[in-house]
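Asks: Provided herewith is a single structure, encoded as structure tokens, for subsequent inquiry.
The values are calculated or read from the model by the stated rules, or taken from the named source; none is laboratory data. Just so we're clear, the structure is a prediction, and the values are computed from it rather than from any experiment. Using ideal geometry, Cβ is built from the backbone for each residue, glycine included, and neighbour counts are taken over all protein chains shown.
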Amino acid sequence: MGHPRDHHVHEHAHESKMMTTPLVVLAVGTLVSSYFLFRPMLSHAAEAAADAPLVVAVDGEAHEPAAALLSLDHTPERDPHKKLVGLVGFAFLIGFAVSWAIYRNGLDVASRIKAIPPFNLLHTLLERKYYFDELYDFLWVRGCRAVAAVCAFIDTWVIDLVYNLLSGVTERIAAFSGRVLDAQGVDGFVNGISETANDLAEVLRKPQTGGIRKYVLWSVGLATAAIAALIVVMRVNGG
């Protein structure tokens, strides 16, 4: 009903003629398979559903508490099935008539109706799909992002901070131990002893030239010095 707002889109809004035959075949197959395959299943399900307490109460065969609760019996005056058939039938006719009256000339009447309070609020609510997308975005999308942000903050400023702090302290301790304690302390002490021994050996090695005359000269000189010192000491004590 009405006129298309975009003729180009309207021309392309139909399926290709090549799809007509496959669609008919699928429709026939669906009808046949549904009747022969699902009809026995629905029949069995209907029997099981008819034994439910509420259904039995509506049919007038329930036990007394359920019948008293629903206040329904199977008399023609109070048969709920007839009332339900009439209600559904009239609702369909009324809905069809209202829809035809609104959309027979396009969207002009519908546009004017949706601008009238409270139809504008109802139209906005239905157009926004009961704000389900907004709720989903707020609760799940933004909620997950918030949780991810908190996890990222904890990972960056707690876990990584502690890890980097411990690794930095360990690196500094290792550097101090290797460069100061080990290199200058342990190695320095051992190297100092070895260098002192080498220097002392070098000093003691210099007088040892290997000449016998020099050894005799050093012996005579030392003996003379020792005798002279002994004489000096004796004179000092005797005087």
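Asks: Which residue pairs have Cβ atoms closer than 9 Å, lie 6 or more positions apart in sequence or on different chains, and pair a first residue in segment 118-133 that is surrounded by 11 or more Cβ atoms within 10 Å (Cβ to Cβ) with a second residue that is among the hydroxyl-bearing types (S, T, Y) and at pLDDT 90 or above?
Replies: Note: pairs meeting the criteria are L125/Y131.
Conditions (1) assigned to a helix (DSSP H, G or I); (2) among the β-branched types (V, I, T), marked per residue:
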position: V98; (1), (2): yes, yes
position: G106; (1), (2): no, no
position: A110; (1), (2): yes, no
position: I116; (1), (2): no, yes
position: N120; (1), (2): yes, no
position: T124; (1), (2): yes, yes
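Asks: Shifting gears a bit: Return yes when G143 is closer than 25 Å to D6 by Cα and surrounded by 11 or more Cβ atoms within 10 Å (Cβ to Cβ) and no when it is not.
Replies: Details: closer than 25 Å to D6 by Cα: no; surrounded by 11 or more Cβ atoms within 10 Å (Cβ to Cβ): yes.
Answer is no for this residue.
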